[in-house]
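Read through the structure below, which is laid out as structure tokens, and then see the notes.
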Amino acid sequence: MKRYPRTFLQLITFGHILFALPLLIAAGYVFIKLDTLNDRYREAIEQATSSSSLRGEITEDVLHMERSLRRHMVMKDSDSLNDYARVRGEWRSNVELLAQLTPLPEELIGELATQLDLERRAYTKVREGEKIEVLAAALAEIKLRSQKSLVDAREILDHQQLRFLEESNSLRTRLLFAAGLAVLIAMCCLWAIRSLLARLIGRFEKVVIRLGKGNLQQAIELGGPGDLRWLGRWLEWLRRRLLSLEEERAQVLRHVSHELKTPLAAMHEGAALLAEEVPGPLTPEQRRIVGILQSNSRRLQDLIEGLLRLQQAGHAAERIGYETLRFDQLIAEVVETTRLIAAERGVQFACSLAETEIVAGREALLTVVHNLLANALKFSPGNGLIKVLLSHDASKAWLDVEDQGPGVAERDASRIFEPFYRSSASRDIAGVGLGLAIAREFVLAHRGELKLMPSSTGAHFRVVLPLQASHLRQAPDA
């Protein structure tokens, strides 16, 4: 069983969170990386500035120390040596600060320490009484080594800045990739949530449409959040209630029709006896009244029989005996039967029937074709033409019946298949308004479709039927 949030609102909220989460993660990643990059950039700038300043001061200190020693060697004054000592302290401090810069390797730090130690030992010897030349020689060596060390330090720091620039470019690429990936994931999440919502709403829509079309046999069970399942249970209750009402209506219709047949038969028989003047001669007025009784009793009998056929058509799917038929031959039989009645009014049939095999109920198809042809004949003018066309493809067959009558007005088109509905063009034509409704029920029982097609002259009805019965196709999977 799929797990869903408890309510539809929670599902929508979860979808929003799921959509925003990748973007929030990407934003957090970008913020952290930019903050780290900013710290490193500030540190690199500080180190570059400090390194440049220290290199200049160290170079200047070494030159100052060298000039102080030369002056002392020439003038032999103590001030020059004191000046050397003062500058020496600054030099050592600057060298120690340079050695503490983070990116310098151990070899360079060791070299700086060696220079400090070399100067310290020479300075100690001079203080202990040795000649000043010892310190001068040591300082000359330190000057050479210091120049090389400072150049190495500058190259190392320059290399570090270049590497930092490359990392910055690489980080920018990664950030763009992360942002694009986050947007892609967010769109995928949005698409998944929208698909889920569309699927849940689509199920609900199909159930409502099924109920609206009167398909009450299939049980209703909606999955999804709790409130949607709760709504599905109420729709199932509604389906059962409608099914119960439909069964009660059919039962009442059967009982009423059966009960009406007996007194109707008596009335019809009595009217026939009066018309035959069995009780005695009739006056012209009495004969007119007997004619009215006979006409309306026949109309009432047709109405009752139509109701029974409509009720049978409503349950046709349960009782259809499917067999393989030649649909074109069946249509030709009905046309031939109807042709005799049509000849009295001069109505002709133009048939184009492609050889078509279909798996269907014979009696049901006979009723459909007969009702459509009878309807076309009823509305056809004298010496009119009725076109009957049959074609098919690999899975479906099409039967078109076109007449040259008044057609169906636009305001009547949506209700033409309703039981007992009489359009404005059929007010003066005999009938009870059940033929098309019965035909439609039998077509629906075959999982087909009966529809009114646009037509410039007359009415055009089309029957679309599957060549193979639905229940036979599904049998192997059962």
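Out of the residues in the range 448-478 that are part of a loop (DSSP other than H, G, I, E, B), touching a His at 6+ places or on another chain (Cβ under 9 Å) and at pLDDT 75 or above, which is nearest to TYR322 (Cα to Cα)? In this case the residue turns out to be LEU467. LEU157 passes every criterion in (1) surrounded by fewer than 16 Cβ atoms within 10 Å (Cβ to Cβ); (2) touching a residue at least 40 places away in the same chain (Cβ under 8 Å) apart from (1). Scan the range 61-97 residue by residue and report those that are farther than 13 Å from ILE132 by Cα and among the acidic types (Asp, Glu). Result: ASP61, ASP79, ASP83, GLU90, GLU96. VAL256 falls short on exactly one of the conditions (1) more than 24 Å from HIS370 (Cα to Cα); (2) at pLDDT below 75; (3) of a type in the set (A, V, I, L, M, F, W, C); (4) surrounded by 15 or more Cβ atoms within 10 Å (Cβ to Cβ), and that condition is (4). Of all positions in the range 389-404, none carries a residue that is part of a helix (DSSP H, G or I), assigned by TED's automatic domain parsing to the domain that holds PRO454, free of Cβ contacts under 8 Å to residues at least 60 places away in the same chain and of a type in the set (Asp, Glu). Determine, yes or no, whether LYS125 is basic (Lys, Arg) and more than 16 Å from GLU141 (Cβ to Cβ). Against the criterion (basic (Lys, Arg) and more than 16 Å from GLU141 (Cβ to Cβ)), LYS125 does not qualify. Answer with yes or no whether VAL347 is more than 27 Å from THR457 (Cβ to Cβ) and crowded, with 17+ Cβ neighbours inside 10 Å. Taking the combined requirement at face value, the residue does not satisfy it.
Residues that are within 17 Å of GLY405 (Cα to Cα) and touching a residue at least 12 places away in the same chain (Cβ under 8 Å) within the range 436-470 comprise LEU436, LEU452, MET453, SER455, THR457, GLY458, ALA459, HIS460, PHE461, ARG462, listed in sequence order.
Table: residues versus (1) within 17 Å of SER80 (Cα to Cα); (2) modelled with pLDDT of 80 or more; (3) among the charged types (D, E, K, R).
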| position | (1), (2), (3) |
| --- | --- |
| GLN115 | no, yes, no |
| GLY129 | yes, no, no |
| ILE132 | yes, yes, no |
| LEU144 | no, yes, no |
| VAL151 | no, yes, no |
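Only a single item in (1) small (Gly, Ala, Ser); (2) loosely packed, with under 12 Cβ neighbours inside 10 Å; (3) touching a residue at least 24 places away in the same chain (Cβ under 8 Å) is not met by SER149, and it is number (2). Number of residues in the range 79-102 that are charged (D, E, K, R) and over 18 Å from ALA113 (Cα atoms): the value is 3.
The values are calculated or read from the model by the stated rules, or taken from the named source; none is laboratory data. Quick caveat, the model's predicted, so the values are computed rather than measured. A quick note on method: Cβ atoms are made from the backbone with ideal geometry, for glycine too, and the neighbour counts reach across all protein chains shown.
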